[in-house]
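**Student:** The structure that follows is given in the form of structure tokens.
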Amino acid sequence: MLQTFKTPTLPYRGAQTPAPGPDYASLEELFKIFTGFLHRQYPVIVVVFLLTVALTAVYLFTTPPSFTAFAKLLIDTRKVQLFQQQSVLGEAPPDTWLIDSQVEVLQSENVALAVIKELHLTKDPQFLWPKVGLFSAIKGSVLGLVDSVLRLFQSSSTSTSDPEFALTRAAVERFQSQLMIARAGLTYIISVGFRTQDAQQAAKIANAVADAYIADQLEAKYQAALRAGTWMQDRIKELRVQATNAERAVEDFKTKNNIVAASGRLMNEQQLSELNTSLIHSRALTAETKAKLDRIDEILRSGVEVPDATVTDSLKSEVINKLRSQYLDYSRQAAEFSAKYGARHRAVIDLGTRMQEIRKVISDELNRIAQTYRSDYEIAKAREESISKSLAEIVSVSQTTNQAQIVLRDLESRAQSSRQLHDSFLQRYMETVQQQSFPISEARVITRATPPLRPSNPRTLLVLMVGATGGVIAGFGLGLLRDIWDQVFRTSDQVASILHTDCIAMLPKVVEGQVTSRSRQPRTDYGSLAHRIIKRDQSLFWAVIDSPLSRFAESIRAIKIAADLHRSVKGSKVLAFTASLPNEGKSTAAMALAQSIASVGGRVLLLDADLRNPGLTRKLVPEAKVGLLEVLANEVKIEDALCVDPDTRLVFLPAVVNERMAHSSEVLACESTRILFERLRQAYEYIIVDLPPLAPVVDVRAMTHLIDSFVFVIEWGRTKIDVVEHALRMAPGVYDNLLGVVLNKADLNLLGRFEGHRRQYYDKRHYSRYGYVD
């Protein structure tokens with residue numbers, strides 16, 4: 001973007017202050033952008049839409065109808081188990097991956113070949129070579145051509161001369177292309193569909209696919225069970241021999257090491273266990289008798305004549321308990337009698353005697369109990385020692401057989417493992433034999449395919465909707481691409497927003513030969529001054545004079561008005577026309593402006609300063625002998641170099657260049673050129689200078705100090721925006737003194753599409769009321 005900003009002379013809606021209230025500016029701007037896009041690109045959108053709809057209609061009319069029949073399979077997770085044993089094949093419950101795998105099996109060549117062979121599809125021409133539509137025929141031709149080209153590069157050894165094989169391969173490819181296998185959501189149901197041009201055939205093939213799949217599953221299980229059974233027979237024989245040898249090795253080892261077992265245990269182990277139990281009981285009994293003996297000895301050592309209740313309870317002797325009760329009764333009676341009759345009473349003395357006898361009897365009883373406890377203790381101790389001695393002997397014997405028992409256990413473990421493995425394989429082999437005679441499949445048909453009543457393809461409504469939608473999308477897409485690629489100037493708003501300057505005129509495109517010349521009598525009596533007379537013809541250079549009521553002429557007058565206003569403000573006289581690239585019409589615009597000023601009596605000079613390519617000179621005075629270069633070199637006077645149009649009194653200073661100039665910029669920037677322009681300023685009201693374009697040469701930048709204002713000509717719809725920006729950026733002197741931009745060769749019929757909100761501004765009927773003609 002240019003760094004210098006200019007203020008447009010006219011206010012723009014985008015710069016207005018928004019009114020208070022809801023802000024609809026963004027929506028309004030979006031609506032303008034969208035409507036503007038439609039106005040610009042609606043022919044492309046309509047053409048693409050109609051073309052797409054037409055192609056869709058051709059497709060519908062040329063495509064033969066086809067029918068699709070569907071059958072449904074269920075991968076049953078709750079199949080009937082005739083045999084409760086585990087399956088030999090190790091079947092896992094169906095899951096997502098298993099169901100997806102079954103979908104691939106249904107699409108495999110094994111199933112396809114089985115159906116093709118069963119229904120004899122290789123002999124059915126309707127199946128192998130069905131009718132095709134126009135688009136399918138074109139596609140087939142292209143693919144066939146590509147296939148033929150690829151075959152040319154293949155080795156001859158890869159080709160086959162078997163027609164039956166080629167026919168089968170073609171049938172398989174055709175079959176798989178028309179087969180449709182899909183899983184119903186996350187269920188265990190698989191839909192099997194087939195599409196052909198015959199409804200009966202479609203249903204027959206769909207059912208055949210389902211049956212072939214189930215048969216393939218049964219055959220696969222049978223073959224797997226058969227292979228497993230054959231292998232297991234050989235393995236069972238080997239395991240039987242291994243188990244027998246292992247058991248024989250166990251018995252031989254027992255005989256060799258004199259190991260005898262009863263009830264599954266060795267004899268010494270049983271004896272050791274029984275003696276250990278007896279020793280524990282004997283030690284407990286010995287401890288018990290020892291405790292009783294210690295207790296009675298403690299009582300005897302204490303010297304108690306009559307034991308108390310606690311002692312009698314621990315001894316558990318009825319005799320002592322009875323004697324103690326009598327002793328207590330006598331003691332109570334003696335206390336009563338002593339209190340009543342005195343201590344020397346005979347009754348008290350008798351009771352004392354009896355109590356003495358009872359104490360003696362209790363003492364004797366205690367001694368007897370002590371002897372009994374001592375005897376029991378000695379017996380228990382002797383028994384414990386005997387059992388301990390026997391246990392030591394058994395332990396000594398067992399230690400000699402420990403190493404043999406370790407080896408024996410290892411042999412027994414091997415024999416048991418071999419026998420269990422043999423029994424397991426034998427059981428599985430029996431299951432395998434049963435499954436071979438009655439295999440079970442997880443899949444079953446839950447819906448048989450029936451001939452469809454209506455064709456499934458083409459879907460007329462859907463195809464039309466897709467075609468129409470695709471046409472609209474393609475049209476909008478192509479239009480959007482054209483909009484993106486259309487980086488050229490087409491509207492005055494673009495000039496104002498991008499270049500920040502005014503678009504002072506928009507010159508309509510005028511075709512050669514459409515300009516109508518006014519009838520006049522050409523003069524021929526110029527004599528020796530004929531080479532200084534501007535030649536008239538019917539080219540665009542004379543459109544302003546020949547068609548003064550045209551819109552082209554009116555646009556030129558708009559440039560004059562802008563120049564007059566600028567002159568009144570800044571007093572500029574020298575007005576230069578330039579452009580970015582050649583052939584944008586700057587010379588035509590300069591000539592037209594000069595003619596417009598001269599036709600109303602203005603003193604104007606048109607100067608051709610394009611020394612590299614003086615096209616204006618070649619067009620107006622091709623016979624000129626002297627011009628700008630000769631004047632600057634002081635070879636001729638300026639009056640002798642000027643050319644004149646007799647009708648409009650337009651004065652033209654040509655540039656006669658006989659050979660290419662390498663330093664034209666130095667000529668235009670010299671002191672002689674400055675002096676010449678000072679003289680011309682005093683003699684003429686306007687000096688119109690036709691300069692070369694900015695991009696090819698630097699001559700314009702060399703003359704910026706001599707020019708008051710520049711008119712920059714841009715070819716409408718052709719000159720790229722970035723080219724113009726770069727050209728003006730490289731010539732700041734031009735941009736700073738820019739009068740405005742002229743959009744040349746504008747197509748007024750298309751202009752309304754690019755300025756949708758101003759499309760009525762360019763309506764011809766508004767201009768025709770004032771006599772304007774194109």
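**Student:** Looking only at residues that are modelled with pLDDT under 90 and closer than 18 Å to Pro732 by Cβ in region 679-697, which one is most open to solvent (accessible area, probe 1.4 Å)?
**Tutor:** Per the stated criteria, the residue is Ala695.
**Student:** Do we have any residue at all in region 266-278 that's among the acidic types (Asp, Glu) and at pLDDT below 75?
**Tutor:** Yes, there is a match, as at least one residue in region 266-278 is among the acidic types (Asp, Glu) and at pLDDT below 75.
**Student:** While we're on this one: Is it the case that Leu581 is outside any helix (DSSP H, G or I), over 23 Å from Val644 (Cβ atoms) and either free of Cβ contacts under 8 Å to residues at least 24 places away in the same chain or open to solvent by 30 Å² or more (accessible area, probe 1.4 Å) (or both)?
**Tutor:** Considered against the rule, which asks whether it is outside any helix (DSSP H, G or I), over 23 Å from Val644 (Cβ atoms) and either free of Cβ contacts under 8 Å to residues at least 24 places away in the same chain or open to solvent by 30 Å² or more (accessible area, probe 1.4 Å) (or both), Leu581 comes out as yes.
**Student:** Additional query: If Gly467 passes every condition in (1) of a type in the set (Gly, Ala, Ser); (2) at pLDDT below 80; (3) assigned to a helix (DSSP H, G or I) but one, which one does it miss?
**Tutor:** All conditions pass for Gly467, except number (2).
**Student:** Additional query: Taking Lys586 as meeting all but one of (1) touching a helix residue (DSSP H, G or I) at 6+ places or on another chain (Cβ under 8 Å); (2) within 30 Å of Val657 (Cβ to Cβ); (3) of a type in the set (D, E, K, R); (4) open to solvent by 10 Å² or more (accessible area, probe 1.4 Å), write down the number of the exception.
**Tutor:** (1)
Let's see how each residue does on (1) charged (D, E, K, R); (2) touching a residue at least 24 places away in the same chain (Cβ under 8 Å):
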{"site": "Arg419", "(1), (2)": "yes, yes"}
{"site": "Gln427", "(1), (2)": "no, yes"}
{"site": "Ser441", "(1), (2)": "no, yes"}
{"site": "Ile446", "(1), (2)": "no, yes"}
{"site": "Pro458", "(1), (2)": "no, yes"}
{"site": "Leu461", "(1), (2)": "no, no"}
{"site": "Gly471", "(1), (2)": "no, yes"}
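**Student:** Thr460 is checked against (1) more than 28 Å from Phe37 (Cβ to Cβ); (2) open to solvent by less than 30 Å² (accessible area, probe 1.4 Å) and fails just one. What number does that condition carry?
**Tutor:** Of (1) more than 28 Å from Phe37 (Cβ to Cβ); (2) open to solvent by less than 30 Å² (accessible area, probe 1.4 Å), only one is false for Thr460: (2).
**Student:** Here are Ala224, Ala212: which of them is out of contact with any helix residue (DSSP H, G or I) (no Cβ under 9 Å at 6 or more places or on another chain) and small (Gly, Ala, Ser)?
**Tutor:** Residue meeting the stated conditions: Ala224.
**Student:** Please go through region 709-745 and pick out each residue that is among the polar types (S, T, N, Q) and under 17 Å from Ile504 (Cα atoms).
**Tutor:** Ser709, Asn737, Asn744
**Student:** Is there any pair linking a residue in region 35-54 that is of a type in the set (Ser, Thr, Tyr) to one that is part of a helix (DSSP H, G or I), with Cβ under 7 Å and at least six apart or on different chains, and which?
**Tutor:** Close Cβ pairs satisfying both conditions: Thr35/Gly756; Thr52/Gly467; Thr52/Gly470; Thr52/Gly471; Thr52/Ala474.
**Student:** Sticking with this structure for a sec: So which of Glu365, Glu378, Glu393 ends up being open to solvent by 70 Å² or more (accessible area, probe 1.4 Å), assigned to a helix (DSSP H, G or I) and modelled with pLDDT under 80?
**Tutor:** Checking each option against the conditions leaves just Glu393.
**Student:** Would you pick out the residues in region 732-749 that are within 30 Å of Leu38 (Cα to Cα) and open to solvent by 60 Å² or more (accessible area, probe 1.4 Å)?
**Tutor:** Lys745, Asn749
**Student:** If you check Leu218 against the conditions, is it farther than 24 Å from Pro130 by Cβ and either without any contact (Cβ under 8 Å) to a residue 12 or more places away in the chain or crowded, with 18+ Cβ neighbours inside 10 Å (or both)?
**Tutor:** In short, no.
**Student:** Please find, within region 223-257, the residue that is farthest from Ser418 (Cα to Cα) out of those that are open to solvent by less than 80 Å² (accessible area, probe 1.4 Å) and of a type in the set (Ser, Thr, Tyr).
**Tutor:** If we take residues in region 223-257 being open to solvent by less than 80 Å² (accessible area, probe 1.4 Å) and of a type in the set (Ser, Thr, Tyr), then Thr230 is farthest from Ser418 (Cα to Cα).
The values are calculated or read from the model by the stated rules, or taken from the named source; none is laboratory data. Computed from a predicted structure; not experimentally measured. Every residue, glycine as well, gets a Cβ built from its backbone with ideal geometry; the counts of neighbours run over all protein chains shown. Side chains are part of the model used for accessible areas, which takes the heavy atoms of the whole protein and leaves out ligands, DNA and RNA. Shrake-Rupley method; radii C 1.70, N 1.55, O 1.52, S 1.80 Å.
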